[in-house]
Amino acid sequence: MLLDRYWNLLALNDTARAVFGLDEQSRNCLVAFFTDERYRRMHVHWAAVAPSVVAAFRADAAQAVGDPGFDRVVAELRAASAEFGTLWERHDVAVHGAAVKAVHPPAVGDLIFDKTALLVADHPDWRLEVYSPRPGTATEDRLRRLSQTLAVSV
């Protein structure tokens, strides 16, 4: 999944769309995280993860103080989500890094990934998020099954 500095989706494949509950209208991961009920339901530990998600976005925004793009995303989310507003007011800051992400696509059940965030050398405002099936889980088999289902439905 490729994102810009505002967490707008620049590129992702069909499997990633299915895994994370993103549709063609999903343009911004943070907005979807707080406002898209389908996307929200897919995240197994949504309430536990939400504070760190907002803290990571605040860290990104802090690197570009006064950038109107960040201000627009924050204003949109504050208007649309009381939960976001409450978390934003905490002023917590966290950096992107390795993490474990658990999602639940209804078609295949729980998937657990090791997430790595990488910077793109020629585009320092972009971030490539790589999701690898967590060893010792059924994620790899379930992901293969999901990919086959998507190939059949295309």
Within the range 78-115, tally of residues that are part of a loop (DSSP other than H, G, I, E, B) and either in contact with a Leu (Cβ under 7 Å, 6 or more places away or on another chain) or not hydroxyl-bearing (S, T, Y) (or both): 16
Residues of the range 1-23 satisfying the condition of being over 16 Å from H104 (Cα atoms) and hydrophobic (A, V, I, L, M, F, W, C): M1, L2, L3, W7, L9, L10, A11, L12
The range 100-149 - residue that is in contact with a Lys or Arg (Cβ under 6 Å, 6 or more places away or on another chain) and free of Cβ contacts under 8 Å to residues at least 24 places away in the same chain and, of those, farthest from W46 (Cα to Cα): A117
Every residue from the range 83-100 that is of a type in the set (D, E, K, R) and loosely packed, with under 14 Cβ neighbours inside 10 Å: E89, R90
Residue under evaluation G69, criteria (1) touching a residue at least 60 places away in the same chain (Cβ under 8 Å); (2) in contact with a His (Cβ under 9 Å, 6 or more places away or on another chain); (3) assigned to a helix (DSSP H, G or I), criterion not met: (2)
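Which ones in the range 50-82 are surrounded by fewer than 16 Cβ atoms within 10 Å (Cβ to Cβ) and within 17 Å of the chain's Cα centre (by Cα)?
First pass over the range 50-82, keeping only residues surrounded by fewer than 16 Cβ atoms within 10 Å (Cβ to Cβ): 51-52, 59, 62-69, 71-72, 75, 78-80, 82.
Result: P51, S52, A59.
Read the figures in this text as sums done on the coordinates, not as results from a lab. None of these values were measured; they are calculated from a predicted model. Neighbour counts are summed over all protein chains in view; Cβ atoms, including those assigned to glycine, are modelled from backbone coordinates with ideal geometry.
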